[in-house]
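Okay, structure first, notes after.
The values are calculated or read from the model by the stated rules, or taken from the named source; none is laboratory data. Computed from a prediction, not measured in an experiment: that's the story for all the values here. Backbone-built Cβ (ideal geometry, glycine too); neighbour counts: all protein chains shown.
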Amino acid sequence: MSIKASMRLRTYLSIGGSMANLNFTMSELIHSDTAIKHNINNMPDINSLDCMLNLIVYCLQPVRELLKKPMIISSGYRNALVNHLVGGAVDKYGNAISQHCRGQAADFVVNGMTVQQIIDIIKKSNIEYDQLINEYDKWVHISFVKGKNRKSSFKIG
Ligand SMILES: [Zn+2]
């Protein structure tokens with residue numbers, strides 16, 4: 001873990017959180033069926049790990065506690081190659097620009113809830129997020145960028 005990430009973790013622990021209270025693990029956010037299928041090493045770099053820890057502590061965990069239901073992460077961190085294979089966002093030069101590639105975003109579903117229901121509940125809360133997107137009514141995309149959250153929410157597809 002990077003120094004930044006471990007400091008962030010210490011901050012989380014000092015505000016009353018505990019590792020045992022976290023419902024998410026880094027491996028859940030790193031796992032990728034596409035990476036396994038293509039034998040790609042999807043390990044994030046240090047900066048992405050730091051962003052992923054922020055995403056968990058400030059965004060995913062509060063959402064988990066708000067919904068009081070298990071969240072199934074379908075996609076978290078994706079390196080540029082994995083992002084390309086799953087058709088993730090790229091710029092006009094073909095470079096990966098998806099927030100998934102920086103460890104700042106995760107896609108998830110909750111059994112028994114529609115994507116829009118989940119989004120409406122999060123929007124009414126004071127949970128900080130950068131983008132909260134209903135993607136094709138199939139999953140929720142949520143991202144967190146510490147200090148730069150735009151709190152924008154929309155639907156695609
Ligand atoms: Zn996404």
Residues of region 34-43 classified as in a helix (DSSP H, G or I), over 19 Å from PHE24 (Cβ atoms) and of a type outside the set (Val, Ile, Thr), total: 1
Strands (runs of 3 or more DSSP E) within region 44-157 that include 1 or more residues surrounded by fewer than 19 Cβ atoms within 10 Å (Cβ to Cβ), within 15 Å of the ligand (Cβ to nearest atom) and of a type in the set (Val, Ile, Thr): 72-75, 105-109, 152-156
Among the candidates VAL90, VAL63, residue that is out of contact with any Gly (no Cβ under 8 Å at 6 or more places or on another chain), within 22 Å of LYS151 (Cα to Cα) and modelled with pLDDT of 95 or more: VAL63
Qualifying positions in region 91-116 - on the phi < 0 side of the Ramachandran plot and touching a helix residue (DSSP H, G or I) at 6+ places or on another chain (Cβ under 7 Å): ALA96, SER98, HIS100, CYS101, ARG102, GLN104, ALA105, ALA106, VAL110
